[in-house]
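Worksheet: the structure to be examined is printed underneath.
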Amino acid sequence: MQADLLRDKFLNFFKSRKHKIVPSDSLVPSDDPTVLFTPAGMNQFKKEFMGFDAGFKRATTAQRCLRTDDLDKVGKTSAHHTFFEMLGNFSFGDYFKEEAISYAWEFLTQELKIDKEKLWVSVYKDDDEAYQVWREKVGIPVSKIVKLGDKDNFWPSEAKTKGPNGPCGPCSEIFFDFGLKAGCGSKDCDPSCSCGRFVEIWNLVFTQFNRKEDASLVPLPNKNIDTGMGLERLAAIMQGKQNNFETELFQPIIAEIKRFIEAEPKDSTKLIYAIADHIRAVVFSIYDGISPSNEGRGYIARKIIRKSVLHLRSLGIKKPFLYKLVVLVAQIMHKPYPDLKDKQEDIARVILNEENNFINTLSLSSVLVDNEIEKVKLELENDPKVEGATLASAAVSGALGIAAFRLYDTHGIPLEITRDELGLRCISVNDNFEAAFQRELDKQKNLSKSFSKMKGDVFDIKGLGLKLKDTNFIGYKEHTSKTKILAILKDAREVNEALVGDNFQIVLEETPFYAESGGQVGDTGELLNGNNVFQVLDTQKIDNLILHIGKVISGVFKKNDSVVAKIDIQRRQNIARNHTATHILQAALRQVLGGHVQQQGSLVGDEKFRFDFTHFKGLSKDELARVEEVANGFIANNCAVDSKEMALIDAKKTGALAFFEEKYSEFVRVIIIGDFSKELCGGIHLTNIKEIGLIKILGEGSVASGIRRIEGVTAGFAEQFIKDEEEKVIEESNKRSKLEELKAQEKKRSAQVRNSLSEDLPRLIEKNVKINGINTVFSLEENLDMQALRFLADKIKEKLSSVVVVLASQDELQKKAFLVVAVTPDLLSRGIDAGALIRKVAPLIGGSGGGRCDFAQAGGSNPEALAQALEELKKVVNKL
């Protein structure tokens, strides 16, 4: 039975038992800062587990998940994966252990027809209730029920002693027995043995306690069920395979990799399996909007790509190849993710770009290693503890091991390549090299685990402590509202009144204030009660409660007070212009650049907007101009902006675009502009795009690999920007005119100076004195700059042959000395060097000098010594 059928059977089985089929959440948790990636099916239901009423008490999902805790084990075992699908059924205060166990047993043995004799179960050692259900209700023999402790059968693992605080409970696992021949062969072997004979299929978690700060376990008022079963593992069992990689989920990818291997090296299977796993993780990471980068989720995506490239190199595939596997992933996962086919080309481009960059980095490994060696030398030179250390010492080996980790962590260069590069430089290292590398790697792994695991309490109960009904938002149509204060918060606690000067958060019964969401900033305005004024500086929301954040300007506000809520209408209108403009901009980008353009983020404010989108290179000036032209062309059509409420599934069928990071409810709002834009959006918009007036793009740049950003303005802000730019052009034009005028004046003055200097030339030539058969002209002139001296020296060389010219002058105001020495070419063969001459006397005038053999100059701060300098040079020439 193939995975697609198993997935459908599971979901439909629980649907028929009154469970709501909830779509898979993104790999980027929508409202959960405690994890980098979605690691399990329960993550999207944290609020429901804490009592939030989502309109259903039972749910079932096929959740895409990503875990990196055991990244190094992938490919080496039969069941470790980074990306996988978790099938799960959940109960929020509805059914509990008996029903959960019965449903699981019924699905496996009746729906899938798995042989009961092949199934074993484990229960928590103190969970007599679950034990009794398995033994008496289901009828499993006592010999096939194993009792295990806190580490194996309590969730979170060892939570009773180690935390975290929050909901927890015992669990029961169902195992498939591959038989005596599959494992250690011992007759006493059971699911507690790690020999591989028993494979866990399904984990049933009974969330019945709340762990307190003092480590006590308090029974929850509502007991929950959270189950998880790996689809890949279930598919392997149903297809008679002991290894997940032998199923149709991986085999087409594995076959394609093998097709390009010329000669399979030893242990190639492990590498091939790892690559087949990693490409799925990378594809779905990018599918969910994660761009490879050097931090957070992007770093993990980049790391997985780089590990795959190194595996491919070990298999003899040195050129970019990983990107070619994207199409196979799209084909294999077509049924649950049909839209993956539309994105496969874009995803492949991102991967290809990463492969090329990393392959280029590997080619530069020699240079990078040299840089690290120099850093190590510098570090050790400044470390008194390693005085006299050589590049073969223990201290240096440890330092080089740390450097090797930096190369691995920053550039992805593996330890083996760094070791080889050191060997080529005749640098030997001892065991400290690898030990230091491993220590740094372990530190990073621990840090990575701290990010990927839950932090603090298991569930963030922010916003769920108040027993308040959802705020009724009326802001799509109304700008003011007569309403009532339901709660006043200060420093995360409820208070009875708000006084002048302090900051508060006020919850209203209904409100026209839009809370920050979907990239759009929150509204500002006022809450009024007679002469009492509360200034709303921001609007945020927690769950479906809208918080009006601000301070009391006058009077006092109390719980249950009637108030008039009034937004800043002009600011709201500006925000609406910019929000609608982002929709128009996306339509223009898709028309100019192609259908691969997808929104990756936005910030919509009252003065400008920012829009992030997928594209693989910077936009040229012509492309930007064309996008702006198309966008303003849309505006010129004066199209109405319509909004419609519809089911999410129907909205997607109409082709409405969705933003990857948003978690949409079952019913969504669709914004439709003419026949060119249709997007899922809960934000504030205009009623007609003519109100935008004009869109002006301020700039475009890179945000991350494969993601570009455009910033722009609309309406009056766009007109002001254009006016400012025009004024800048006029100002620049005026500056150029003035500059050209100054240049003309300078040119005229220079011509006049040259004419004047030319008139002095006969006087200078008359100063010619022959010394040792060499013509010499020495002269100290008044108020000439270096340029004038150079001009005169060149002219004298034109008039006299075999001449040494030494001219000097000074700037009386700035107290600067100028000196030039020029020599005709015929004297160079006699060893007369203008540069050598000037260096002899430059210190006398408080400066330094240099130049060519035929011409040199010096400047200094001691003009009083110029006469002495000339005399010294005469003595030098006399000795030639």
- Note on the structure: Expressed as a percent, the accessible surface of the chain that is carbon or sulfur, using a 1.4 Å probe and the full set of protein chains, is 48 percent
- Multiply the residue separation of T480 and E623 by 0.36 nm, subtract the distance between their alpha-carbon atoms, and state the gained length in nm to one decimal. 47.2 nm
- Sorted from largest down, give the three principal axis spans of the alpha carbons of the range 10-89, whole angstrom values. 42, 30, 16
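Please give the peptides 420-427, 722-729, 166-173, 126-133 ranked by average Cβ packing (other Cβ atoms within 10 Å per residue), highest first, as a rough proxy for protection. Mind showing how you got there, number by number?
Values: 420-427: 14.2, 722-729: 10.5, 166-173: 24.1, 126-133: 17.6.
Most protected by this proxy first, the peptides run 166-173, 126-133, 420-427, 722-729.
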- Item | Acute angle (nearest 10 degrees) that the helix 340-363 long axis makes with the longest principal axis of the chain, alpha-carbon atoms | 50 degrees
- With no solvent and one equal point scatterer per Cα, compute the Debye intensity ratio I(q)/I(0) for the range 131-274 at 0.09, 0.10, 0.21 Å⁻¹ and report its log10, rounded to two decimals. -0.43, -0.52, -1.27
- Task: Could you give me the radius of gyration and the Dmax of the range 516-583, taking only the C-alpha atoms into account and expressing both in angstrom?
- Result: 13.5, 42
- Volume in Å³ per residue [convex hull over Cα atoms, computed for the range 821-880]: 63 Å³
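Kirkwood Rh and Cα-based Rg: tell me the resulting Rg over Rh for the range 490-636, rounded to two decimals. Kindly include the intermediate steps, with their values, before the conclusion.
Numbers: Rg = 20.0 Å, Rh = 17.5 Å.
Using only Cα positions, Rg/Rh for the range 490-636 is 1.14.
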- Note on the structure: Between the alpha carbon centres of the range 54-79 and the range 706-780 the gap in Å comes to 69 Å
- Env charge @ K335, Cβ radius under 10 Å, K,R +1 / D,E -1, value -1
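What's the extension gain from E732 to K324 if we count 0.36 nm per residue and subtract their Cα-Cα distance? Mind showing how you got there, number by number?
Values: separation 408, 0.36 × 408 = 146.88 nm, distance 5.12 nm.
Net length gain for the segment: 141.8 nm.
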- Task: Multiply the residue separation of K653 and A54 by 0.36 nm, subtract the distance between their alpha-carbon atoms, and state the gained length in nm to one decimal.
- Result: 213.2 nm
- Task: Once every Cα of the range 718-801 carries one equal point scatterer and solvent is ignored, give the base-10 log of I(q)/I(0) from the Debye formula at q = 0.12, 0.16, 0.22 Å⁻¹, two decimals.
- Result: -0.55, -0.73, -1.04
- Task: Describe numerically, in nm with one decimal, the distance between label points set 7 Å from Cα along Cα→Cβ at N360 and at E666.
- Result: 5.0 nm
- Cα centroids of the range 221-250 and the range 346-361: how far apart, whole angstrom? 32 Å
- Restricting to the chain, what percent of DSSP beta bridges are antiparallel, rounded to 5? 90 percent
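Counting only Cα atoms, I'd like the Rg/Rh figure for the range 476-560, Kirkwood definition for Rh.
Numbers: Rg = 11.9 Å, Rh = 12.8 Å.
That ratio is 0.93, to two decimals.
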- Task: On each of the three principal axes of the Cα atoms of the range 126-204, give max minus min coordinate, whole Å, ordered largest first.
- Result: 43, 28, 18
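Per DSSP helix of 4 or more residues, -39500 (n - 2.57); summed, then divided by the residues of the chain. What does that give at 222 nm, rounded to the nearest 500? List each step's numbers first, then the result.
Numbers: 24 runs with 326 residues, N = 880.
Counting only the DSSP helices, I get -12000 deg cm²/dmol.
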- Item | Exposure of D370 as accessible area (Å², to 10), given a probe of 1.4 Å and all protein chains | 70 Å²
- Query: What per residue convex hull volume, in Å³, comes out for the range 10-144 when only alpha-carbon positions are used?
  - Reply: 153 Å³
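Using the beta-carbon distance between T687 and C184 and R0 = 60 Å, what value does 1/(1 + (r/R0)^6) give for FRET efficiency, to the nearest 0.05?
0.25
Once the cut-off is 17 Å, how many percent of the Cα-Cα pairs in the range 680-746 end up in the long-distance tail? Each step should come with its number before you reach the end.
Working: 1473 of 2211 pairs.
Within the range 680-746, distances greater than 17 Å cover 67 percent of Cα pairs.
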- Log entry: pair-distance distribution for the range 27-71, C-alpha pairs binned every 10 Å from zero, whole % per bin is 24, 51, 21, 4
- Take the Cα coordinates of the range 740-862, assign each an equal point scatterer, and use the Debye formula without solvent to give log10 I(q)/I(0) at q = 0.22 Å⁻¹. -1.28
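Between rounded, prolate and oblate, where does the range 651-717 land on the alpha carbon gyration tensor, with a ≥ b ≥ c its root eigenvalues, rounded for a/c under 1.5, else prolate if a/b exceeds b/c? The partial results should precede the final answer.
Numbers: a/c = 2.29, a/b = 1.21, b/c = 1.90.
In terms of gyration-tensor shape, oblate.
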- Message: Using alpha carbons only, how many angstrom separate the centre of the range 800-851 from the centre of the range 665-700?
- Response: 73 Å
- Task: With 20 Å bins from zero, work out the P(r) of the chain over every alpha carbon pair and list the percent per bin.
- Result: 11, 30, 29, 17, 10, 3, 0
- Item | K18 versus R425: modelled label distance in nm, points set 7 Å from Cα along the beta carbon direction | 7.1 nm
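When N counts the residues of the range 281-370, how does its alpha-carbon radius of gyration compare numerically with 2.2 N^0.38 Å, as a ratio? List each step's numbers first, then the result.
Details: Rg = 13.9 Å, N = 90, 2.2 N^0.38 = 12.2 Å.
Computed over Cα atoms of the range 281-370, the ratio equals 1.14.
If you average 1/r across every pair of different Cα atoms in the range 70-221 and take the reciprocal, what Kirkwood value do you get, in Å? Walk me through the intermediate numbers first.
Details: mean 1/r = 0.0598 Å⁻¹.
In the range 70-221 this quantity evaluates to 16.7 Å.
Say R0 is 22 Å: what FRET efficiency, to the nearest 0.05, do D126 and C193 get from their beta-carbon distance? Display every interim value, and only then the final one.
Working: r = 22 Å, r/R0 = 1.00.
Here the calculated transfer efficiency is 0.50.
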- Task: For an R0 of 60 angstrom, estimate the FRET efficiency from the Cβ-Cβ distance between E416 and K644 and round to the nearest 0.05.
- Result: 0.55
- How about K97: which aspartates and glutamates have a C-alpha closer than 17 Å to its C-alpha, ignoring those fewer than 8 places off in the same chain? E106, D126, D127, D128, E129, E136, E173, D226
- With every protein chain in place, the accessible area of V821 for a 1.4 Å probe, in Å² rounded to the nearest 10, comes to 0 Å²
- Taking 7 Å along the Cα-to-C-beta vector as the label spot, tell me the N472-S102 distance in nanometres, rounded to one decimal. 4.2 nm
- Task: Just the ratio, please: alpha-carbon radius of gyration of the range 209-279 over 2.2 N^0.38 Å, N its number of residues.
- Result: 1.88
- Along the dipole axis of the chain (charges at Cβ: +1 for Lys and Arg, -1 for Asp and Glu; origin at the Cα centre), the most positive-end residue among L310, L537, I261 is I261
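The values are calculated or read from the model by the stated rules, or taken from the named source; none is laboratory data. Here the structure is a predicted model, which is why all the values come from computation and not from measurement. With ideal geometry, Cβ positions are generated from the backbone for all residues, glycine too; neighbour counts draw on all protein chains shown. Just so you know, the surface numbers come from the protein's heavy atoms only, side chains and all, with ligands and any DNA or RNA stripped out. Shrake-Rupley method; radii C 1.70, N 1.55, O 1.52, S 1.80 Å.
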